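The values are calculated or read from the model by the stated rules, or taken from the named source; none is laboratory data. Note that the structure is a prediction, hence the values are computed from the model and not measured. Cβ placement follows ideal geometry from the backbone for every residue including glycine, while neighbour counts extend to all protein chains displayed.
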Amino acid sequence: MTNQEKSWKEIPPAGVCWKPSTEYLTGDWKTYKPVRDPAKCTRCTFCVIFCPDGAIHWDAQKEDIEFDYNFCKGCGICANECPTDAIEMTIE
Amino acid sequence: MFTEWKFTAKDIAEKPDLFMSGHRACAGCVPATVMRLVLKAARGPTIVTNATGCMEVVSSIYPYTSWATPWIHTAFENVAANASGIEAALKILKKKGRVKEETVDVIAFAGDGGTYDIGIQALSGAVERGHDFLYVLYDNEAYMNTGIQRSGGTPLGASTTTSPAGTVIPGKLQYKKPIADIMVAHYMPYVATASPYFWRDLITKARRGLEVNGPAFLHAFAPCPRGWRSDPSKSVEISRTAVETCIFPLWEAVNGKYQLSGPSNAIALNPGKKKPVEEYLTVQGRFKHLFTPKFKNILTEIQRITDERWQNLLKKCEMR
Amino acid sequence: MKRIIKQEVLAFNGDEAVAYAAKQSDVDVVAAYPVTPQTIIVEKFSEYVANGEVDTEFVCVESEHSAMTACVTASATGARTFTATAAPGLALMHEMLYVASGCRTPVIMAVANRALSAPLNIHCDHSDSMGQRDSGWIQIYAENSQEAYDSVIQAFRTAEHPKILLPEMVCLDGFTLSHTLENVSVLPDNVVKDFVGARQLPQVMGHERRSVPFRLDPENPVSIGPIALPDYYFEFKRQQEEAMKNSLEVIREIHEEYAKTSGRSYGDGLTESYRLEDAETAIVCLGSTAGTVKSVVDGLRTNGVNAGLLRIRTFRPLPVKEIARTLESLKAVAVMDRSMSFGGHGGPVFQEIRHLLYEASEHPHVVNYIYGLGGRDTNPPQIQKIYEDRKRGIQTGKVENPVRYVDLRE
């Protein structure tokens with residue numbers, strides 16, 4: 001595991017992190033992916049609230065839900081909690 | 001005493017996450033949901049500190065960090081001491097004019113590992129000294145990060161890697177330590193229990209904990225599908241069933257006065273709503289050995305102790 | 001012509017002198033737990049706080065582990081921090097000493113050297129601080145309370161130096177120094193405050209991809225203390241080692257600057273040579289015993305014996321080149337160790353001294369004298385016997401038993 005580019009002289013001291021985790025895409029972890037039926041969706045935003053990864057967003061401008069598949073791990077909590085069963089877990 | 005912050009689901013949904021995506025928690029990890037929701041209650045400049053554990057490790061794999069707030073981790077048993085040092089520094093630096101913010105909130109996160117057992121000394125000390133911080137316990141009922149070993153927060157009958165369900169012994173033989181009640185006994189300003197399914201209640205309590213002048217303790221129930229051997233998609237639902245069976249009742253103690261919260265209050269007023277513990281236990285693999293003839297006496301005991309603690313709680317809330 | 005500042009002479013024991021130094025150094029946070037023989041430090045400091053004589057947040061933590069923890073995070077928040085402890089307390093902090101060094105927080109700590117249990121013993125030896133020599137802390141050993149006072153003040157400047165950022169411990173012998181009254185010259189408050197100055201914070205590259213001050217600051221968030229996997233951990237340790245190496249020069253510089261102001265110096269800040277110029281035999285030791293050795297050396301010199309002393313003031317980082325240069329031309333060196341390394345070849349100081357002479361083209365016999373464990377007193381006749389021992393060794397040219405014990409009932 002010595003393929004990292006920076007030498008000990010180049011990295012910041014004390015282990016101060018220099019990359020936000022938003023650059024680490026965990027979306028390829030999933031086997032199932034949530035697909036939303038916009039007709040059934042009431043935009044309650046419970047899915048946005050419950051997602052452990054913050055991979056579902058409420059776009060205030062568009063006034064709609066958006067899934068960020070770059071971070072979704074396919075856990076299915078959103079589908080399970082959706083009050084109108086608007087989300088279905090389909091194989092990726 | 002509290003500002004009674006009013007918010008809608010969309011207010012919460014719109015608020016940017018201070019616990020950012022891209023962390024390496026398991027799929028369906030509810031402690032991660034707890035962290036996100038507690039941070040939604042942040043009201044301004046905030047410094048966060050974590051004990052060693054799942055949430056610390058998944059959010060800070062060098063060089064990546066999931067923390068949009070300033071953040072520090074030092075060791076396993078001392079997150080309350082971490083918070084004490086930060087709070088003391090902020091206090092004096094503000095006095096000396098070297099910190100310009102009016103208020104900076106300090107939040108300490110730890111699992112049941114870093115709270116019930118190895119962390120209890122630092123927690124008790126910090127609370128006794130009255131530091132102004134919010135301590136959030138994300139309780140997944142075992143030392144998950146090191147491989148699902150039993151903790152003081154593991155409930156009776158649960159199978160963990162150091163209290164496995166074998167042919168002779170049916171999982172953990174001891175009861176779950178009543179950590180929140182222990183904290184109330186410290187005469188601290190605010191103690192509350194919360195479950196992520198009841199997100200509005202959780203966020204409100206986190207905000208109250210931040211507003212309180214002095215130490216606040218929030219015991220958040222946080223199912224772990226990996227350790228509990230349950231379906232990841234059901235993780236939030238399990239946190240609902242825990243409340244509905246009174247295994248994890250929701251309450252607050254403001255200056256030592258107990259009061260039930262919404263969903264648990266509803267059960268107290270209408271005992272018919274209380275669900276049998278089986279509904280909670282059947283969906284988790286860590287309890288499956290209890291559904292065999294040899295160990296079903298433990299099931300009975302779980303129901304009994306749940307009822308006993310529920311009745312004790314009702315008494316404290318002056319509802320019995 | 002720079003005049004040396006006029007100083008007040010106060011009757012202090014070592015603990016009081018250290019507390020006074022901390023009081024004058026504009027410390028922001030003190031988090032400490034009492035343990036013999038450091039208790040007077042925390043008690044005195046509490047008095048200063050209670051009387052409004054210091055602007056410091058004093059946290060009476062519930063254990064030494066929490067003391068070091070609170071100091072680390074307070075320091076990470078930007079505060080200047082100070083604490084003190086001794087043997088069992090230092091051992092309890094063990095985990096956090098490594099964290100303090102790894103997180104690059106310049107915490108200053110006074111250690112009133114005391115023996116480690118078991119059995120329980122509250123008296124002086126160096127087993128506590130020697131046990132922490134690998135932790136990445138700068139270690140200074142004071143010979144007397146005056147030096148303890150001076151060293152604490154210098155420590156703030158050294159540790160907080162942007163090239164260093166390492167925690168530092170100032171060690172003073174338990175009871176011998178900590179509880180014994182001495183005349184200590186103290187600098188005026190404003191002089192010390194000017195000398196230590198304000199805490200400097202270096203800039204680091206955070207995850208927002210901009211250069212920000214190295215502290216927990218809501219406006220410029222950084223994450224400190226992550227998990228570093230095998231692909232990075234090693235590099236962080238190398239950084240700490242570099243800081244250690246750099247501190248040799250910085251300790252010397254700060255020591256010299258302080259000497260100009262106070263009129264007091266201790267060798268070059270790293271080691272102190274006493275009558276070594278033409279010495280044949282030298283004792284190497286740390287701490288208050290050096291004082292006793294100096295008077296024995298004086299006595300021997302009047303009798304024409306070429307004896308000398310090398311006192312190591314800075315044990316970490318070890319001034320390898322300087323010590324090697326000083327000792328290599330001698331005929332015999334007796335290293336006095338006030339601690340043991342069970343199962344090793346002699347005590348820790350002996351191991352280091354012998355080892356650093358390995359590259360020298362010629363070097364003296366080096367023999368270990370383990371002494372004073374658990375506070376056992378070591379008097380001038382016993383020290384004189386060490387010199388006589390080594391003289392005999394030079395004559396016979398043999399060293400049969402390189403590890404010996406002083407005043408042990410065999």
Of (1) over 16 Å from C:L310 (Cβ atoms); (2) of a type in the set (S, T, N, Q); (3) free of Cβ contacts under 8 Å to residues at least 40 places away in the same chain, C:T378 fails just (3)
Note on segment C:44-77: residues in a helix (DSSP H, G or I) and of a type outside the set (A, V, I, L, M) are C:K44, C:F45, C:S46, C:E47, C:Y48, C:E64, C:H65, C:S66, C:T69, C:C71, C:T73, C:S75
Cβ pairs under 6 Å, 6+ apart or interchain, first in segment A:17-35 and of a type in the set (A, V, I, L, M), second part of a strand (DSSP E or B), ordered by first then second residue, are A:V35/A:E88; A:V35/A:T90
So the strands (runs of 3 or more DSSP E) completely within chain A holding 1 or more residues that are closer than 30 Å to B:H73 by Cβ and within 9 Å of chain B (Cβ to nearest Cβ) are A:56-59
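Counting just the residues of segment C:61-93 that are facing chain B (nearest Cβ under 7 Å) and over 21 Å from C:Q203 (Cα atoms), which one comes out surrounded by the most Cβ atoms within 10 Å (Cβ to Cβ)?
Step one: of segment C:61-93, the residues facing chain B (nearest Cβ under 7 Å) are C:61-63, C:65-66, C:69-74, C:76-79.
Next cut, over 21 Å from C:Q203 (Cα atoms) only: C:61-63, C:65-66, C:69-70.
On the way: C:V61: 26, C:E62: 20, C:S63: 18, C:H65: 22, C:S66: 28, C:T69: 30, C:A70: 38.
Per the criteria, the residue is C:A70.
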Exercise. Tell me, please, whether a residue that is assigned to a loop (DSSP other than H, G, I, E, B), of a type in the set (S, T, Y) and surrounded by 18 or more Cβ atoms within 10 Å (Cβ to Cβ) can be found in segment C:174-188.
Key: yes
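Which one of these is part of a helix (DSSP H, G or I) and not hydrophobic (A, V, I, L, M, F, W, C): B:K205, B:K176?
Values: B:K176 fails: part of a helix (DSSP H, G or I).
From the options B:K205, B:K176, the qualifying one is B:K205.
Picking from C:R376, C:R354, which residue would you name as being surrounded by 16 or more Cβ atoms within 10 Å (Cβ to Cβ), in contact with a strand residue (DSSP E or B) (Cβ under 8 Å, 6 or more places away or on another chain), of a type in the set (K, R) and modelled with pLDDT of 95 or more?
C:R354
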From the option list B:K296, B:K274, single residue qualifying as free of Cβ contacts under 8 Å to residues at least 40 places away in the same chain and more than 20 Å from B:K172 (Cβ to Cβ) is B:K274
Any hit, segment B:108-125, residues being among the hydrophobic types (A, V, I, L, M, F, W, C), touching a Pro at 6+ places or on another chain (Cβ under 8 Å) and farther than 14 Å from B:A220 by Cβ:
no
Test: residue in segment B:84-100 that is surrounded by 24 or more Cβ atoms within 10 Å (Cβ to Cβ), more than 7 Å from chain C (Cβ to nearest Cβ) and either of a type in the set (F, W, Y) or touching a Leu at 6+ places or on another chain (Cβ under 6 Å) (or both) = no
Sole miss for B:T8 among (1) out of contact with any Leu (no Cβ under 9 Å at 6 or more places or on another chain); (2) surrounded by 24 or more Cβ atoms within 10 Å (Cβ to Cβ) is condition (2)
Among the residues of segment C:103-117, the number that are under 22 Å from C:Y149 (Cα atoms) and within 14 Å of chain A (Cβ to nearest Cβ) is 3
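State which residue is farthest from the other protein chains (Cβ to nearest Cβ) when the search covers only segment C:202-259 and only residues that are of a type in the set (V, I, T) and under 21 Å from C:A76 (Cα atoms).
Here the residue is C:V212.
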Flagged in segment B:275-296 as under 14 Å from B:E237 (Cα atoms) and under 21 Å from the mean Cα position of the chain (by Cα), in numbering order, are B:Y280, B:L281, B:V283, B:Q284
